[in-house]
Amino acid sequence: MSWIKENKFLVALGGGTLVGAGLLAFVGFKGADRYAEAKEQYEAAANQAAEFERLALYPRTENRDGKRKALDEYRQSLETLQSEFQRFRPGEITNISPQEFTTRLLAANAEVRKAMESAGVSIPETFFLGFERYRTSLAATTTTGILDYQLGSIKDVMLELAKARPSQFRNLHRRVLPEEEGQTYKPGDFEVARPIPLELTFTGTERSAREFISSITAPTKHYIVIRSLRISNVKKDPPRASDAKFDKAAAAPSTAPGGFANLFAFPEDESEPDAEVPAGTEQEQAPTPAASSADSSRILAQVLGNEEVHVFIRLDILQFLPTKKLP
């Protein structure tokens, strides 16, 4: 005890050194743990980065430039596509007076009826281009704009049908628009066109159906998409041989003596049927004609060429919306 009292400084220095060494050892152990953890995280990140570097689209400078070029080309293709559909956009649709819409409706209906009658197509008496509800009432002023656009597109479709010359037009169904029910049409975020549905039913030859379908699917003034199509034969039973119609064969011209016309002719001198033939000569005998082969394809054409079909088409007339600005 006397030595500690006499050497207080050394005792304090030694004690402080011991405590400092303990603290340093504790900090060292903690630092080693953090170092090991940081090293493990670094190695994991380095391995992951090495895997990314081996990918085809790692964000290098050349890959960044390539991606930027691809995005520019994609943007240009979208702008070109939008410009291609520009001719199908009606522009701004403005409302007209109900009386003016009724006048246009009556004129369009008369034009379609005249075209149908000129083509020899029978049409129902109640036909009114699908706007039967406006035969005796006026349309609301807030709906005349979109109704007038729909009227023009339906008229064009019906005129194309008249050009195809079916035998009978049976029905047209126009779905009521939301605006007619006091609602508002709101396109979706990714919609570029508004579909206007229309259903048609008619009867005609296969050729008239083909010509009508080809005409409405060829983009001209309106862009039309066929959603469903059903074609059925008017005749439910298969064709029979009795359905065939043959042209009357013309009489065969008379041939020279010894030909087909004289094959079964009797001798001119019936009094000497057994006349001897001079020696060294042979009696001429008419050649036997070859049997003509039947033309089965001609028969099938006459059996199957005149039947008619019932056609039901549900289509959408696309009203393209204003172009959207690309991000």
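Yes/no per residue for (1) over 23 Å from the mean Cα position of the chain (by Cα); (2) at positive phi; (3) modelled with pLDDT under 75:
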site: A50; (1), (2), (3): yes, no, no
site: P59; (1), (2), (3): yes, no, yes
site: E62; (1), (2), (3): yes, no, no
site: S77; (1), (2), (3): no, no, no
site: T80; (1), (2), (3): no, no, no
site: F88; (1), (2), (3): no, no, no
Exercise. Can you find a residue in the stretch 28-47 that is at pLDDT below 85 and outside any helix (DSSP H, G or I)?
Worked result: no
Seminar exercise, completed: Checked the stretch 127-186 for anything open to solvent by 50 Å² or more (accessible area, probe 1.4 Å) and among the acidic types (D, E); matches are E132, E160, E181
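Quick one: in the stretch 173-214, of everything that is among the basic types (K, R) and at pLDDT 90 or above, which residue is farthest from P124 (Cα to Cα)?
So the first thing to find is which residues in the stretch 173-214 are among the basic types (K, R), and the list is 174-175, 186, 194, 207, 210.
Restricting the remaining residues to those that are at pLDDT 90 or above gives 174-175, 194, 207, 210.
Numbers: R174: 16, R175: 19, R194: 30, R207: 22, R210: 23 Å.
Applying the filter and picking the extreme gives R194.
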Problem set entry | Of residues in the stretch 191-216 being surrounded by fewer than 21 Cβ atoms within 10 Å (Cβ to Cβ) and among the polar types (S, T, N, Q), the one nearest to the chain's Cα centre (by Cα) | S214
Problem set entry | Given (1) under 20 Å from the mean Cα position of the chain (by Cα); (2) more than 30 Å from P327 (Cβ to Cβ); (3) touching a residue at least 60 places away in the same chain (Cβ under 8 Å), index of the condition E160 fails | (3)
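The values are calculated or read from the model by the stated rules, or taken from the named source; none is laboratory data. This one's a predicted model, so the numbers in the text were calculated from it and none came from an experiment. A quick note on method: Cβ atoms are made from the backbone with ideal geometry, for glycine too, and the neighbour counts reach across all protein chains shown. All accessible areas refer to the heavy atoms of the entire protein, side chains included, with ligands and DNA or RNA removed. Shrake-Rupley method; radii C 1.70, N 1.55, O 1.52, S 1.80 Å.
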